[in-house]
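Scroll down for the structure; my scribbles are underneath it.
The values are calculated or read from the model by the stated rules, or taken from the named source; none is laboratory data. Keep in mind that what you see is a predicted model, and the values were worked out from it rather than measured. All Cβ positions, glycine included, derive from the backbone under ideal geometry; neighbour counts span all protein chains shown.
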Amino acid sequence: MASKSADHSLALSKLLGDRARLITDPDITASYARDQAPFAHSEPPFAVLIAASAEDISVALKYASAHKIPVVTRGAGSGLAGGANSSAQSLVISLEKMNQIISIDTDNQIARVQAGVINLDLDTAVKEHGLAYLPDPASRDWSTLGGNAATNAGGMCCVKYGVTSAHVRAAQVVLASGEIIEVGKATKKSVTTYDLLHLFIGSEGTLGIITELTLNLEIRPKPPATLIATFANVTSAAAAAAALLQFKPAMLEIVDETTLKAVEAWHPLGFEIAGAVLIMQLDENQHLCESALELCRKFELIDGVFSEDPADTADLIRVRKLAYPALERMGATLLDDVALPISKIAQFVTEVEALSKSSGLVIGIFGHAGDGNMHPTIVHEHGDAIAAKKAVEVFTQIVAIAQSLGGTASGEHGIGSIKSNLVAAEVSPTVMKLQREIKAVFDPEAILNPGKKFPL
């Protein structure tokens, strides 16, 4: 098998020439084997292609299709679902060097970028034009726009501005056959063809490799006013969150008591420990914060404060920014990602809290209350194999709870490998069959990220 891999490496090197870097050093390839999902299986690939262009990728995919070599696409490796994890006989194609902002069109408020551009780098580049790229996943400082598109990443601002798919107008994609195609249009509207663009958005590299994106930009919002409110319990906080949507918040986040205690133990912020905390931001109609706070008083509000001073914003939202790292300090963590109807958040949290008690595992809950995307985080002791196994079981049970409430297995992190066996619980056999048929049209040899998104 090693000889066969060496043959493939040699052949690819000859085909690619000097245009791209093909890495076969096992000490280096091992560093490209996985993303941030702690319990997703991975094995080092036989080679890593550091692509410099769509043409490099085209050459590699033509060869991979002919020889039925599994191909895994990698951006920054910031994913949390095992979507970029490789197998022993796979080829990883890294887009890290395809990181050019090709153009910024201020007249039409669009940007054309290569897939390896870092999310924050684009937003920084357009800031001087008074524009913004708004999707803001927690990993925006280092995640790539191609990876964001492949997983349809969200973030805290998506309650108002939508997830990545709402901001993609067009894409260049390399198919499994090696053919390079353009889908979508730079125009705001287009219904000429089937919406092939959005088949690729969220497909996690299973249908093609996104190499370029044309992205929608917005007039840069005003600095937001921020409201933070503590409540007696999660039920009251969730009810308040639903009511606060009438103010069209740019952010609406929730943090439960377990997570709040973890944050206060690490970085005391002076919060009275409460059942839950809501953080809301308004980037227009900031004067409505007083009205929003008054509304919160109807829902067992303990305390609330707001500020229109931009200097206060970072302090007021710090509890949400510290949520996950504070839980990480307590032990090994499994970060879940489910989405459910906003009206079901309270019931979901109640059931997860009961699961925490019955399992004996700490589960902190935080997330995007404005759109129902929740991130229960399971904590267990480092190095405890029994606890780790139980944590995986609880992880699956949390997904099942969300699905039973009309929710879904993933809101913004993707399915990857860790949840592929959970998809069938929320889609019909006919829908699953259609998914496989679509996969077969775009990737007849099933070489693109096999086993991800749903079982083959």
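Figures for the structure shown
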{"read-out": "Failed item, numbered, when residue 202 is tested on (1) crowded, with 24+ Cβ neighbours inside 10 Å; (2) assigned to a loop (DSSP other than H, G, I, E, B); (3) not acidic (Asp, Glu)", "value": "(1)"}
{"read-out": "Residue among 50, 57 that alone is of a type in the set (Val, Ile, Thr) and surrounded by fewer than 24 Cβ atoms within 10 Å (Cβ to Cβ)", "value": "50"}
{"read-out": "Residue 446 under 25 Å from residue 43 (Cα atoms), touching a strand residue (DSSP E or B) at 6+ places or on another chain (Cβ under 7 Å) and either surrounded by fewer than 23 Cβ atoms within 10 Å (Cβ to Cβ) or modelled with pLDDT under 95 (or both)", "value": "no"}
{"read-out": "Selection from the stretch 150-160 of residues that are touching a His at 6+ places or on another chain (Cβ under 9 Å) and outside any loop (DSSP other than H, G, I, E, B)", "value": "151, 158, 159"}
{"read-out": "Yes/no for residue 77 being surrounded by fewer than 23 Cβ atoms within 10 Å (Cβ to Cβ), assigned to a loop (DSSP other than H, G, I, E, B), not hydroxyl-bearing (Ser, Thr, Tyr) and not assigned by TED's automatic domain parsing to the domain that holds residue 146", "value": "yes"}
{"read-out": "Residues satisfying the stated conditions in the stretch 23-44, i.e. surrounded by fewer than 18 Cβ atoms within 10 Å (Cβ to Cβ) and without any contact (Cβ under 8 Å) to a residue 60 or more places away in the chain", "value": "24, 25, 26, 27, 28, 30, 31, 36, 43"}
{"read-out": "Cβ-Cβ under 7 Å pairs, at least 6 apart or on other chains, the stretch 156-173 side of a type in the set (Lys, Arg), far side part of a strand (DSSP E or B)", "value": "169/110; 169/184; 169/214; 169/215; 169/216"}
{"read-out": "Helices (runs of 4 or more DSSP H) fully within the stretch 337-456 counting 2 or more residues that are on the phi < 0 side of the Ramachandran plot and in contact with a His (Cβ under 7 Å, 6 or more places away or on another chain)", "value": "385-404"}
{"read-out": "Filter result (within 17 Å of residue 238 (Cα to Cα) and assigned to a loop (DSSP other than H, G, I, E, B)) within the stretch 274-296", "value": "274, 275"}
